[in-house]
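The values are calculated or read from the model by the stated rules, or taken from the named source; none is laboratory data. Because the structure is a prediction, the values reported are computed rather than measured. Positions of Cβ are generated from backbone atoms using ideal geometry, with glycine treated the same way; all protein chains shown enter the neighbour counts. Only protein heavy atoms, including side chains, enter the accessible area calculation; ligands, DNA and RNA are left aside. Shrake-Rupley method; radii C 1.70, N 1.55, O 1.52, S 1.80 Å.
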Amino acid sequence: MSLQSTPHKLHAGDRFARPSAAAFMGWFLALALLVWSFSGSELSAEKLVRGLPYMGNILSRMFPPDLARLDSILASLATTFQMAVSGCVLGLILSFPLAVLAAEGLSPHPVIRALTRGLIALFRTVPDLIWALFFVIAVGLGPAAGVLALMIDTIGYAGRFFAEAMEETDKGPREALSTIGASRTGLIFSAVVPNAMPSFIATSLFCVEKATRASVVLGLVGAGGIGVELKVAFDLFDYDTALTIILAIFALVVAVEQIGGHLRRRII
């Protein structure tokens, strides 16, 4: 007796499951939110077409880039990179103890963990421009305000991911050391940190890239760096100099990203 297989015809129900009422309502609300967002944005093809001549005019005035102030632009760019590195390093250093206090299983008390997580969330929620304005008022105009703003922004980002990396480590070595009476500090530096180190490195390198991009914008509110030069160039309608600044910023960001990517591949 031979078994013969009959061809199976695919129906729509085989490929797409019928959504439940709750799922259908969720998709409907998501679509309504999308339509509502676009309707409130006042974006239209007519405005884009009407604005094309103005965009073309600005672009034509940008070329060729003016290199007359290249020395001062590069000096401001160096200040921007100094701000990024300084603020990022300070933020990474402070992120580690806060991450330990925010990590489940490592924090000494649930209340301390909740408060620390709330503080890290606050640092991450408030935009870096707002922090820059706050520190400009506190310490005055200049790179110091930018460094402090980038430090807070880095704590908000790295603190969360450091804590999550420590929570995801293997609990076996931690429990083994705990049974032989190891202290909390010993557990952290002997079992948790070595396992989480690849994630720490990846997060830290990405923070440097993130801080480099953010430091450019902070100059627009008086926190020093190349952002001041860019704002002045646009205020004076000096578009060819603005293009030179934009190209210099682009070169710095690309270089930092390439170096960071190379280090991640080599270290991790």
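Residues that are free of Cβ contacts under 8 Å to residues at least 60 places away in the same chain, hydrophobic (A, V, I, L, M, F, W, C) and under 29 Å from ILE249 (Cβ atoms): does the range 33-40 have at least one?
No, every residue in the range 33-40 fails to be free of Cβ contacts under 8 Å to residues at least 60 places away in the same chain, hydrophobic (A, V, I, L, M, F, W, C) and under 29 Å from ILE249 (Cβ atoms).
Condition (residue is open to solvent by 40 Å² or more (accessible area, probe 1.4 Å), closer than 30 Å to THR185 by Cα and hydroxyl-bearing (Ser, Thr, Tyr)) applied to the range 68-85: is it met by at least one residue?
Checking the range 68-85: not a single residue is open to solvent by 40 Å² or more (accessible area, probe 1.4 Å), closer than 30 Å to THR185 by Cα and hydroxyl-bearing (Ser, Thr, Tyr).
Can you find a residue in the range 187-208 that is touching a Leu at 6+ places or on another chain (Cβ under 9 Å), among the aromatic types (Phe, Trp, Tyr) and part of a helix (DSSP H, G or I)?
Yes.
Kindly indicate whether any position in the range 134-151 is open to solvent by 10 Å² or more (accessible area, probe 1.4 Å), aromatic (Phe, Trp, Tyr), under 21 Å from PHE81 (Cα atoms) and within 16 Å of the chain's Cα centre (by Cα).
So far as the range 134-151 goes, no, none of its residues is open to solvent by 10 Å² or more (accessible area, probe 1.4 Å), aromatic (Phe, Trp, Tyr), under 21 Å from PHE81 (Cα atoms) and within 16 Å of the chain's Cα centre (by Cα).
Could you count how many residues in the range 1-34 are modelled with pLDDT under 60 and small (Gly, Ala, Ser)?
So the count comes out to 4.
Has the range 96-110 got at least one residue that is open to solvent by 70 Å² or more (accessible area, probe 1.4 Å), β-branched (Val, Ile, Thr), out of contact with any Gly (no Cβ under 6 Å at 6 or more places or on another chain) and closer than 25 Å to ASP153 by Cα? Don't jump to the end; show me each part of the working.
First, pick out the residues of the range 96-110 that are open to solvent by 70 Å² or more (accessible area, probe 1.4 Å): 104, 108-110.
From what is left, the residues that are β-branched (Val, Ile, Thr) are none.
No, the range 96-110 has no match at all.
Hey, among LEU29, LEU59, LEU90, which residue is assigned to a helix (DSSP H, G or I) and farther than 30 Å from THR212 by Cα?
Just a single option satisfies the conditions, and that option is LEU29.
Spot the failing condition for GLY172; the list is (1) surrounded by fewer than 14 Cβ atoms within 10 Å (Cβ to Cβ); (2) modelled with pLDDT of 75 or more, and only one is missed.
(2)
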